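Q: Submitted below is the structure of interest, expressed as structure tokens.
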Amino acid sequence: MSAVMPELLTSTHVEKMKKKKPPKRYWEETENTDQSQRRPEEEEGKAGQNQNESTVKERPLKRKNDERLEKKDPFPGEAPIPHKQLQKFQRGEKCKVPAGARRRLKEAITSSEAMSEHAQKQAARYDLLLPEDAGFLEGDEDEDTNTISQDDIADAVDITSGSKYFSLHLSQFGPYRLDYSRTGRHLLVGGKKGHVACIDWQTKDLMCEMNVMETVNDVKWLHTEAMFAVAQKRWLYIYDSKGVELHCVKKFNDVLRMQFLPYHFLLATASATGFLQYLDVSVGKEVAAICTKMGRLDVMAQNPHNAVIHLGHPNGTISLWSPNQKEPLVKMLCHRGAVRSLTVDKTGTYMVTSGLDRKLKVYDIRAFKPLHSCFLPAGASCLSLSQRGLLSAATGDIVQVYQNILGSSPVSKPYMAHRLRGQIWGLAYCPFEDVLGIGHGEGFTSMIVPGAGEPNFDALDTNPFRSYEQRQEWEVKALLEKVQPELIGLHPEQLSKVDQASFEQRHKEQVEALGFDPLAKVKFKPKTKKKGRSSAGAIEKRKRKVAHEDQRDEIRQSVQERTEREKELKEKSNEKKLGNKSTLDRFRK
Amino acid sequence: MATATSSEETLFNDDERKHKKLLEAISSMGGRKRKKQSERSEASVQVSEFFVNAEGTGEKVNISDLLGTVEKTSGASNKTKKQLRNLQNSKGTLALPLNKQQTEKIQRGIAYEKTTKENQKAEQIVFPLNQESSGPKQVEQVVAGWKAQTPLEQEIFRLLHSNSQPVNDPVLTPVEEASLKAMSLEEAKIRRAELQKTRALQSYYEAKAKREKNIKSKKYHKIQKKGKRKEFLKQFEEMVKTNPEGALEELKKMELSRMEERMSLKHQNSGKWAKSKAIMAKYDDSARKAMQEQLQMNKDLTQKIVVPSDDEHESNEEGLETVPDFVNDPEPIIDPVNPWMRGQLTHEEPEVSCVTTDEPQTAEQENEEEELIGEFERKRKLRQADEEDLIPTEEQKPESEVVEEDVVEVSDKEEEEDEEEEDVSEFNTLFRFMRSEKTLEEDEEGLLNEGQIRVRNIEDLEVLAEDVDPQPIAAPSLPQTAVGEATSEPPNKKKSEIDLKEVLTKDAKVVQVPFLPTVDHDEQISIIKEAFAGDDVISDFIKDKRKQEAAGKPKVVDLTLPGWGEWGGVGLKPSRWKRKRFRIKMASSPPRQDRKLPDTIISENRNTSIASHQVSQLPFPFQNTAQFESCIRTPIGQTWNTQGVVKKMTKPKVITKLGAIIEPMVKEDFINKTTTSAGKGPAIMLGENKRANKGREWSSAKHQGRRGSQKRKKQQT
């Protein structure tokens, strides 16, 4: 006890001493830290000098006096935008004003550059308004996430999410194809033996159910949940959400697979006779009918980035089609056996294919190069990519979900797996939900896949919670903004480019007509000067000065780039040495 | 009606005139006529620069008289002083200054050029100019329009006023305001010009009045009076509509004249002239008419004028109408001093009329000036305050540092796994595995129930994998087809281009699955058989690719005509030189996009459908396509941008207010612009005339006053 007492005493004494000082205010602290943040180099530089404590103590006192006189904004100016975020919204390369540019050109370039920079900054700032984040499944130590059963997940999550794991037992008209509407609210299922039903799957409201008394090959929602297309045994039918037959399109026969291009209002169909046809659903006209000469077309996918249709063929090739060209844009040999299924990711960067050779391949579809392939013991009959890049593959009666498959390194084991009864025939992720819909021989199963859906939706484009009126409004706007089928091509950004071929042609004609090239760079002509300064030597000298100007510019640029790169590297290495600094470091003593 | 002061003035003028006359008479006696010297007593516009007199005496004006003060003033620069000194010494006569019209024309020209250039550069132009900004107003502006209504408020304000305390702008006292109101040079110039103008106008008016007064003709005055009366009536009618209070005052005046009329015997046909006319009237029509006119005049003048101006008046008058006329007669009051003559309490004191005296008018004008200047002052103050607010933030800006997150880039590593086996042998293994499974299955078939599903597990697979020995399949032989025959080049070259080994070489990685699928053997085997039924996939593809390449190759055009210039016939070939001469090779096409991708065929067809939507001609200021493309790379639609950015990007070049008249720009707009845009500096100096000849500077400086006083000059917008 006696040992403790003096300590206590001293401690109380110290407290009393402290009480005499004025209480510290929060802004003093922030001000100090802010100052230190602003000039880290200075602080570091002075760190060595400020060994003696007296100088260190004096400075904060002075500052305190200043602060009483006027409160300063500790964070003046606009809030800084992280470089990473800015880069996310960058569109193309900046254009520099050329050296000898005229005034109008200079103005045009500078103003447009300023505007695009402003737009980029604003977009980066507004990115703050997308607060939702995707979750994912995380196993314990030495526990594979793929061994966690759906029942366990459904029990663990909240009731609303838990109710998203359900299955419909429809064993009579089996196997089922399915399609979710673009907003993710509505589900359309079509059994091979003619059963078609549409459901508001979250409330489990049955919108319509019928039997078309014919083989159903595929079902697809059109632009809204008010209409859907059913590829039946002979012809293509269009029904409304109450099940009333609106159209029987006899021009489209023996359709096996369908894809709907939402921004073009085109329904693309692939038939057993080898025809790829496009139906404009806004005007009800056939836009294009292409004979692919590739046999039966029962593998089909669309690239959401550029609306190009991908078809898989029995000879292991995949062909890319647009309605504007009678031959395939690209033909790729992907598998030794027939292609069984393929899918393209949302950004149009990756394509995943599976073939009869039991391989699953990931392609970079921009460069048409394979990234990696893996061998699935049973091969994948159906593939589907979620909005956030989760791949689901149906191998027999098992659905496997793979994470990070679009990266550079191949995966060794699936993220999740789920067994079903009966062969799987349809597979689709629900947009904006962590749900994977599976159509199989025994009906339909909705499976929870954490981290599958995009958490932030664009309410002006696809709003899952939109009302009837909003839907009407959206429909009108979407129709007004409809993209013409002529614009479909491998490179959608081509529209913003100058038509080089016709430009060159026209330029050539112009040069012929004028007798000189108006766009050619004007040759430097030295001015004649008086008083003997225009001698041949002097002129030559002046000419040479100008002649190497461009070259010098280039060299200067390259040198600058190099130095910048070196600087960055140095900074990085420095950071590594110091360790990562976080904002919380300032509270450390 | 002449007031006392004006009569005094006229007296004085008369004296002066007499004196002048005397002087003239004396001078005329001398025989030789002296040159008359105009004397300037008032500042006016029409002072000629050619007659500058010195002090009214007949002396000549020397330059030194004009420039003597320049030496003493501290403001003038040494350079101008020196120039002026030189000028003084020079003997040559000066060139005439440009006349007014021409100088104005030059000024207008300069102003036009400057503004048009500015307008071209401006991002947005808003018409009409000098619009009041909508939206929230400054507190001072709002308070200025507010009036004290309740007694308490009024009392407080009275107190404040009596102590000359600031009311609207509580920050500044009147003294401070006055100090702040110190004029800028520009404003001083404007103000001086205004004053000069008013003074000149005043002198004109005086001169005119003097002249008119001297006219003796009765007829003239009669007509004048008549005209005035008519004018007055017209004005009065208008006034009733627009300014009822003013009209009421006028009414009072009329009432007064009516009283006078009633009191006097004028127009009563009782005078001498009237009596004589009355005799004549029996026989003379014109006399009768004149009498009638007189009576009519009397009637008109004595008639009571009723003007419904206010509700109160109306009700009053309605009440009064029932009463006979004579009761009213003394009722309308003029004399405010006499309490017995009180009629309506609300009447204000009649102001002294300002027809003959000019002092109040000028005072009004001065008030207007004060207001204008005050407004300028207020604006300037606001702007200064704004600038003061702005400056510190700008200073602080560069200090803020962006804390950047370091970008972790995912390096694009080429996969270089060391997993070897599992290459092409998959099919072999699969076959074997199938066969073994089949036999197994056949053995167990009896034991299995129909509804049950057989599930393989990992151990099974591992055991199976061990059994399998990987055997590489020999690459399918390349069929030497007749494709190469079409072209003269040997097929060896192509072999180097596409190697069969390059196609589909990616290593596959086996994925481990927790549970394995149920196997439907018959189905699977049938599928595999189907897969292998279509023979060699790879060679087919290569054939296809070659065909495509050959189709894309430029063809040789053969223009040889057999038998032309040499013997022709069956079995004869055109000679070698001829073939060389007439076989034209087309230019080689650019290299194929898929030349480095062995398992890809990319169509080389140009997409013509999009061409109609593309820009094919470079717009004006751009020199190359890269510049133009980078300028249109940012979309302007709402889908890709935030709302504010879209608005900014699509804002119209010119905004006009609906229904507002867009007046042509005047000088004042310029001056406003130059004073408001302090940062840029004045765009144009209207008061100064730039001329090459510097020697004329003195005369142009003298002109300034005049130019400033000129009425609003219409400038081109």
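The values are calculated or read from the model by the stated rules, or taken from the named source; none is laboratory data. These numbers were taken from a predicted model, which means no experiment stands behind them. With ideal geometry, Cβ positions are generated from the backbone for all residues, glycine too; neighbour counts draw on all protein chains shown.
Q: Can you pull out every residue in region B:73-111 that is in a helix (DSSP H, G or I), more than 30 Å from B:Val666 (Cα to Cα) and of a type outside the set (S, T, N, Q)?
A: Residues satisfying the conditions are B:Lys79, B:Lys81, B:Lys82, B:Leu84, B:Arg85, B:Leu87.
Q: So for region A:401-408 (the condition being of a type in the set (A, V, I, L, M, F, W, C), surrounded by 19 or more Cβ atoms within 10 Å (Cβ to Cβ), at pLDDT below 90 and in contact with a helix residue (DSSP H, G or I) (Cβ under 9 Å, 6 or more places away or on another chain)), does at least one residue qualify?
A: No: region A:401-408 contains no residue that is of a type in the set (A, V, I, L, M, F, W, C), surrounded by 19 or more Cβ atoms within 10 Å (Cβ to Cβ), at pLDDT below 90 and in contact with a helix residue (DSSP H, G or I) (Cβ under 9 Å, 6 or more places away or on another chain).
Q: Could you tell me how many of the residues in region B:590-620 are surrounded by 14 or more Cβ atoms within 10 Å (Cβ to Cβ), within 7 Å of chain A (Cβ to nearest Cβ) and charged (D, E, K, R)?
A: 1
Q: Got at least one residue in region B:641-648 being within 30 Å of A:Val522 (Cβ to Cβ), within 7 Å of chain A (Cβ to nearest Cβ) and not in a helix (DSSP H, G or I)?
A: No; the residues of region B:641-648 include none that is within 30 Å of A:Val522 (Cβ to Cβ), within 7 Å of chain A (Cβ to nearest Cβ) and not in a helix (DSSP H, G or I).
Q: Let me confirm something: among A:Val230, A:Val249, A:Val244, which residue is at negative phi and out of contact with any strand residue (DSSP E or B) (no Cβ under 6 Å at 6 or more places or on another chain)?
A: A:Val244
Residue-wise test of (1) surrounded by 11 or more Cβ atoms within 10 Å (Cβ to Cβ); (2) closer than 30 Å to B:Asp15 by Cβ; (3) touching an Asp or Glu at 6+ places or on another chain (Cβ under 7 Å).
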| residue | (1), (2), (3) |
| --- | --- |
| B:Ala207 | yes, yes, no |
| B:Lys210 | yes, yes, no |
| B:Gln224 | yes, yes, no |
| B:Leu251 | yes, no, no |
| B:Met254 | yes, no, no |
| B:Gly271 | yes, no, no |
| B:Lys282 | no, no, no |
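Q: Every residue in region A:479-506 that is more than 24 Å from A:Ser282 (Cα to Cα) and of a type in the set (Asp, Glu), please.
A: A:Glu493, A:Asp499, A:Glu504
Q: One residue is enough: does region A:516-528 have a residue meeting the conditions of a type in the set (D, E, K, R) and closer than 27 Å to B:Gln614 by Cα?
A: Taking region A:516-528 as the starting set, the residues that turn out to be of a type in the set (D, E, K, R) are A:517, A:521, A:523, A:525, A:527.
From what's left, closer than 27 Å to B:Gln614 by Cα: A:517, A:521.
The answer is yes; a qualifying residue exists.
Q: Take the residues in region B:649-667 that are surrounded by 15 or more Cβ atoms within 10 Å (Cβ to Cβ) and more than 14 Å from chain A (Cβ to nearest Cβ); name whichever of them is modelled with the lowest pLDDT.
A: Ranking the qualifying residues of region B:649-667, first place goes to B:Lys667.
Q: Oh, and also: Six or more apart or on different chains, Cβ under 8 Å: which pairs go from a residue in region B:633-653 that's over 21 Å from A:Cys95 (Cβ atoms) to one that's of a type in the set (Gly, Ala, Ser) and in a loop (DSSP other than H, G, I, E, B)? Could you list them?
A: The qualifying pairs are B:Val646/B:Gly637.
Q: Of the residues that sit in region A:115-165 and are of a type in the set (Val, Ile, Thr) and more than 13 Å from chain B (Cβ to nearest Cβ), which one is nearest to B:Gly637 (Cα to Cα)?
A: Filtering region A:115-165 down to residues of a type in the set (Val, Ile, Thr) leaves A:145, A:147-148, A:153, A:157, A:159-160.
Right, trim to more than 13 Å from chain B (Cβ to nearest Cβ) and you get A:153, A:157, A:159-160.
Numbers: A:Ile153: 42, A:Val157: 40, A:Ile159: 41, A:Thr160: 37 Å.
Filtering region A:115-165 for residues that are of a type in the set (Val, Ile, Thr) and more than 13 Å from chain B (Cβ to nearest Cβ), the one nearest to B:Gly637 (Cα to Cα) comes out as A:Thr160.
Q: I've got another one for you. Please work out if A:Met227 is without any contact (Cβ under 8 Å) to a residue 60 or more places away in the chain, surrounded by fewer than 18 Cβ atoms within 10 Å (Cβ to Cβ) and within 17 Å of A:Ser181 (Cβ to Cβ).
A: yes
Q: Name the single residue, out of those in region A:367-384 being part of a loop (DSSP other than H, G, I, E, B) and more than 7 Å from chain B (Cβ to nearest Cβ), that is farthest from A:Arg336 (Cα to Cα).
A: Among those residues, the one meeting the criterion is A:Ala367.
Q: Count, please, the residues in region B:131-144 that happen to be of a type outside the set (A, V, I, L, M) and either over 22 Å from B:Lys657 (Cβ atoms) or surrounded by 10 or more Cβ atoms within 10 Å (Cβ to Cβ) (or both).
A: Of the residues in that region, 5 qualify.
Q: From A:Asp218, A:Asp280, which residue is within 21 Å of A:Val299 (Cβ to Cβ) and crowded, with 18+ Cβ neighbours inside 10 Å?
A: Residue meeting the stated conditions: A:Asp218.
Q: With respect to the numbered conditions (1) free of Cβ contacts under 8 Å to residues at least 60 places away in the same chain; (2) out of contact with any strand residue (DSSP E or B) (no Cβ under 7 Å at 6 or more places or on another chain), which one is the sole condition not fulfilled by A:Ser282?
A: The failed condition is (1).
A quick yes/no check of all residues on (1) surrounded by 11 or more Cβ atoms within 10 Å (Cβ to Cβ); (2) at pLDDT 80 or above; (3) assigned to a helix (DSSP H, G or I); (4) acidic (Asp, Glu):
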| residue | (1), (2), (3), (4) |
| --- | --- |
| A:Ala501 | yes, yes, yes, no |
| A:Glu504 | yes, yes, yes, yes |
| A:Gln510 | yes, yes, yes, no |
| A:Lys523 | no, no, no, no |
| A:Lys531 | no, yes, no, no |
| A:Ser534 | yes, yes, no, no |
| A:Thr563 | no, yes, yes, no |
| A:Glu571 | yes, yes, yes, yes |
| A:Lys576 | no, no, yes, no |
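Q: Please indicate, with yes or no, whether at least one residue in region B:81-102 is among the β-branched types (Val, Ile, Thr) and either surrounded by 12 or more Cβ atoms within 10 Å (Cβ to Cβ) or under 28 Å from the mean Cα position of the chain (by Cα) (or both). Can you show your working first?
A: Residues of region B:81-102 that are among the β-branched types (Val, Ile, Thr), as a first pass: B:93.
Still in the running and either surrounded by 12 or more Cβ atoms within 10 Å (Cβ to Cβ) or under 28 Å from the mean Cα position of the chain (by Cα) (or both): none.
No, region B:81-102 contains no residue that is among the β-branched types (Val, Ile, Thr) and either surrounded by 12 or more Cβ atoms within 10 Å (Cβ to Cβ) or under 28 Å from the mean Cα position of the chain (by Cα) (or both).
Q: While we're looking at this one, here's another question. So is B:Pro554 touching a helix residue (DSSP H, G or I) at 6+ places or on another chain (Cβ under 6 Å), not in a helix (DSSP H, G or I) and not aromatic (Phe, Trp, Tyr) or not?
A: Taking the combined requirement at face value, the residue does not satisfy it.
Q: Would you please list the contacts, defined by Cβ atoms under 7 Å and residues six or more apart or on different chains, that run from a residue in region A:87-111 that is more than 9 Å from chain B (Cβ to nearest Cβ) to a residue that is part of a loop (DSSP other than H, G, I, E, B)?
A: Filtered contacts from region A:87-111: A:Thr110/A:Val97.
Q: Now, a different point. Considering only region A:148-184, state which residues are in contact (Cβ under 8 Å) with a residue 24 or more places away in the chain, of a type in the set (Ser, Thr, Tyr) and part of a helix (DSSP H, G or I).
A: Within region A:148-184, just A:Ser161 meets the criteria.
Q: Still on this structure, I have one more. Out of curiosity, is A:Val255 under 25 Å from A:His313 (Cα atoms) and among the aliphatic types (A, V, I, L, M)? Walk me through how you get there before you give the answer.
A: Working: under 25 Å from A:His313 (Cα atoms): yes; among the aliphatic types (A, V, I, L, M): yes.
Against the criterion (under 25 Å from A:His313 (Cα atoms) and among the aliphatic types (A, V, I, L, M)), A:Val255 qualifies.
Q: Sticking with this one: When the residues of region B:574-583 are narrowed to those that are of a type outside the set (Phe, Trp, Tyr) and surrounded by fewer than 11 Cβ atoms within 10 Å (Cβ to Cβ), which ends up nearest to the other protein chains (Cβ to nearest Cβ)?
A: Among residues in region B:574-583 that are of a type outside the set (Phe, Trp, Tyr) and surrounded by fewer than 11 Cβ atoms within 10 Å (Cβ to Cβ), the one nearest to the other protein chains (Cβ to nearest Cβ) is B:Lys580.
Q: Moving on. Quick check: anything in region A:410-426 under 20 Å from the mean Cα position of the chain (by Cα) and of a type outside the set (A, V, I, L, M, F, W, C)?
A: No, because not a single residue in region A:410-426 is under 20 Å from the mean Cα position of the chain (by Cα) and of a type outside the set (A, V, I, L, M, F, W, C).
Q: Hey, another quick one. Counting just the residues of region A:536-557 that are among the small types (Gly, Ala, Ser) and surrounded by 10 or more Cβ atoms within 10 Å (Cβ to Cβ), which one comes out nearest to A:Val522 (Cα to Cα)?
A: Restricting to residues being among the small types (Gly, Ala, Ser) and surrounded by 10 or more Cβ atoms within 10 Å (Cβ to Cβ), the top hit is A:Ala547.
Q: Could you tell me which residue of region A:385-412 is farthest from the other protein chains (Cβ to nearest Cβ), considering only residues that are among the small types (Gly, Ala, Ser) and assigned to a strand (DSSP E or B)?
A: A:Ser392
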